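The values are calculated or read from the model by the stated rules, or taken from the named source; none is laboratory data. Because the structure is predicted, anything quoted here is derived from the model rather than measured. Glycine gets a Cβ as well: all are built from the backbone with ideal geometry, and neighbour counts include every protein chain shown. Quick note on the areas: whole protein, heavy atoms, side chains included, nothing else; ligands and nucleic acids left out. Shrake-Rupley method; radii C 1.70, N 1.55, O 1.52, S 1.80 Å.
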Amino acid sequence: MNEPATNRWTTETITSIHRWTDALWSLRIIRPAAFRFQPGHYVRLGLPVDAQESVWRPYSLVSAPNDNALEILLVLIPGGAFTSQLMGMQAGDAVLLDRSCFGFFLADQLTPGRTLWMLATGTGLGPYMSMLRDGAILNAHERVIVVHSVRVADELAYADELSALQRAHGERIQYIPVVTREPIPGTMNTRIPQLIQDNRLQSEAEATFDPTTVRVMVCGNPDFTAEMRRLLVDRKFLPCRRNAPGSMLFEKYW
Ligand code: NAP
């Protein structure tokens, strides 16, 4: 028997919107006290279209589980049913929140390793922010290297927070921004898979892609995740299966 719809979601208030660019926002809403998740999970947010119907979209959580807000990082899609409505909204407005959290992009799917690469394009950075804010990820890996590839520098969301984490944790956390469509002195400007093929990322981080000690998480553009899967399979990384942790884990967006 289906649950009544009102039992499947709650109505929550937007507490803040941070606009990194016109099309890239971080949105915070109140977290209901009963809403629990692990870093890497995603939520479903909804906006009413009319009295009967709502439009729903999945978004990875950026906030840590103990934050009293739920934070997401999103791209506004021109003409998109959800984001066109969101565009006119502000703090104090309401969104619908599915009571469940979803997904398997969870760090405990990986066997513990010495070095963890967190590779992201665009909004794919989101789940890593949740893991780093939570901090438990550092119990399973000696070093975490976060690589974030965006088109233009303004899209380097959370760059200041990541730089501060790097300063606070010394060599245990390293942040490597990549900007592919504008020249930024001192910043790499080539797509991540090519940087790995050329050994440039490994040189920058003084790390390897050796599956015996290294674990890799990949999140973002679906073409990027497909390319990374081929590259890592060639290097003998193992996928995560139900009840069998592996050495590489993927989340593809949209
Ligand atoms: P993006 O086009 O995914 O680019 C972000 C970064 O990923 C750039 O550095 C880009 O490099 C790189 N990249 C793209 N394809 C790659 C590949 N195959 N291998 C390696 N790196 C790759 O940018 P975005 O801002 O995240 O999103 C772009 C568009 O995607 C948006 O305008 C939106 O329409 C759509 N989008 C949709 C959703 C959704 O939920 N529906 C979510 C996010 C984005 P280059 O500069 O070389 O391309």
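Summary table
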read-out: Largest-first ordering by accessible area, 1.4 Å probe, given options His148, His169; value: His169, His148
read-out: Computed log₁₀ I(q)/I(0) - Debye formula, equal Cα scatterers, no solvent, segment 107-242, q 0.20, 0.21 Å⁻¹; value: -1.32, -1.48
read-out: Beta bridges by DSSP in the chain, antiparallel share as percent, to the nearest 5; value: 50 percent
read-out: Heavy-atom accessible surface of segment 85-241: percent carbon and sulfur, 1.4 Å; value: 46 percent
read-out: Cα-centred dipole magnitude for segment 15-96, charges only on beta-carbon of K, R (+1) and D, E (-1), debye, nearest 20; value: 240 debye
read-out: Simple label model, 7 Å out from Cα along Cβ direction - Thr208 to Arg114, nm; value: 0.8 nm
read-out: 1.4 Å probe accessible area per residue over the chain, in Å²; value: 50 Å²
read-out: Cα centroid separation - segment 80-121 against segment 138-165, whole Å; value: 16 Å
read-out: Computed [θ] at 222 nm, deg cm²/dmol, the chain (DSSP H ≥ 4; -39,500 (n - 2.57); rounded to nearest 500); value: -6000 deg cm²/dmol
read-out: Lys, Arg +1 and Asp, Glu -1 on Cβ, resulting dipole of segment 105-186 about Cα centre, debye, nearest 20; value: 180 debye
read-out: For segment 189-196, 3J(HN,Hα) per residue [Karplus equation, 6.51 cos²θ - 1.76 cosθ + 1.60, θ = phi - 60°, Hz, x = Gly/Pro]; value: 10, 10, 4, 4, x, 5, 4, 6
read-out: Approximate shape of the chain as ellipsoid semi-axes (Cα gyration tensor, √5λ), whole Å, largest first; value: 31, 21, 17
read-out: Vicinal HN-Hα couplings computed from phi for segment 233-250 (Karplus, 6.51 cos²θ - 1.76 cosθ + 1.60; Hz; Gly/Pro x); value: 4, 4, 8, 6, 6, 10, x, 8, 10, 4, 6, 9, x, x, 10, 9, 9, 10
